[in-house]
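Following: one structure in structure tokens, then a few remarks.
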Amino acid sequence: MKAFVLISLKQPREQQVQDALRKSNEVKKSHILFGEWDLIVELEVKDEDHLATFVIQKIRSLKEVKLTSTLIVAR
């Protein structure tokens, strides 16, 4: 399944967070953004449990991350 995660950071470390996340096989693309959100990450995971685990353990656990919003692709 495909999902996008919007990420807001506590401090301006977009490049470091992007580099760390790109090391994961689940991350297919990532982009630094202007505006309310700092990054968008495209994920490919096997199911909703895998998605939840990845977001909680690999994204939200990063000290720079303030807030995430996960968007699951319908089709």
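Throughout, read-outs are computed from the coordinates displayed, never taken from laboratory work. This is a predicted model, so every value here is computed, not measured. In this analysis, Cβ positions are derived from the backbone assuming ideal geometry, glycine residues included, and neighbour counts consider all displayed protein chains.
The table that follows gives values for the structure above.
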{"read-out": "Single residue of the stretch 52-70 satisfying the filter (surrounded by 12 or more Cβ atoms within 10 Å (Cβ to Cβ) and of a type in the set (A, V, I, L, M, F, W, C)) that is farthest from F4 (Cα to Cα)", "value": "L62"}
{"read-out": "Residues of the stretch 37-51 satisfying the condition of being in contact with a strand residue (DSSP E or B) (Cβ under 7 Å, 6 or more places away or on another chain) and surrounded by fewer than 18 Cβ atoms within 10 Å (Cβ to Cβ)", "value": "W37, I40, E42, E44"}
{"read-out": "Residue count for the stretch 1-30, restricted to those that are more than 13 Å from L43 (Cα to Cα) and of a type in the set (D, E)", "value": "2"}
{"read-out": "Residue ID - nearest to the chain's Cα centre (by Cα), chosen from residues in the stretch 9-23 that are outside any helix (DSSP H, G or I) and surrounded by 15 or more Cβ atoms within 10 Å (Cβ to Cβ)", "value": "L9"}
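One line per residue, one yes/no per condition, for (1) touching a Lys or Arg at 6+ places or on another chain (Cβ under 8 Å); (2) within 17 Å of Q15 (Cα to Cα):
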position	(1), (2)
L33	no, yes
D38	no, yes
E42	yes, yes
L51	no, no
L62	no, yes
